[in-house]
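The structure under discussion appears below in the form of structure tokens.
What follows draws every value from the coordinates through simple rules; no lab data is involved. Here the structure is a predicted model, which is why all the values come from computation and not from measurement. Cβ atoms come from the backbone with ideal geometry, glycine included; neighbour counts cover every protein chain shown.
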Amino acid sequence: MWFVWRPEGECLQLCCGLDIGFKPEHVTGLYELLSLVNQRVWFGHFEIYREPGMDDAEPVNDIVFRHTLAFTSLDKPSAVQTAHMINSAADAVDRFFPAFDFYLKGARSPMAALEACLFETVGEA
């Protein structure tokens, strides 16, 4: 997880790589899964990250969660704001990493991978 200050947009960007490399043949299904997942993320989004200049035949680098806060030139990010960004990223990654992992390990479809990770435990064991 890392922060980057983007002066061109006066914004603070948090990025969190999932460290889950994959092959080019998974890209189409992953875009579908990203679309399904991002509908359920309130702050930030997941995206496929490729190093600039990579050949399309090369394995894709990673899936990244990205969240950005814009500021005016007079504002500075507060500890509360940065903590919220970190917590949002951690929550999103904890919740949706299993869907990406399950899809890449052979789920029948992106929707099946998502549904397998979206459940809530009710009651006591």
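Brief remarks follow.
- Stretch gain in nm, segment Gln81-Thr68, where the contour uses 0.36 nm per residue and the Cα spacing is subtracted: 3.6 nm
- Most fluctuating residue given options Gly106, Gly17, Gly44, as computed from a GNM of the chain linking Cα atoms under 10 Å: Gly106
- Under DSSP loop assignment and at most 11 Cβ neighbours within 10 Å, longest chymotrypsin sites (Phe, Trp or Tyr not before Pro)-free interval of the chain: 43-118
- Which of Ser35, Ser73, Ser88 has the fewest Cβ neighbours within 10 Å, and the rest in rising order: Ser73, Ser35, Ser88
- Average Cα contact separation per residue, the chain, under 8 Å, 6 or more apart, as relative contact order %: 28
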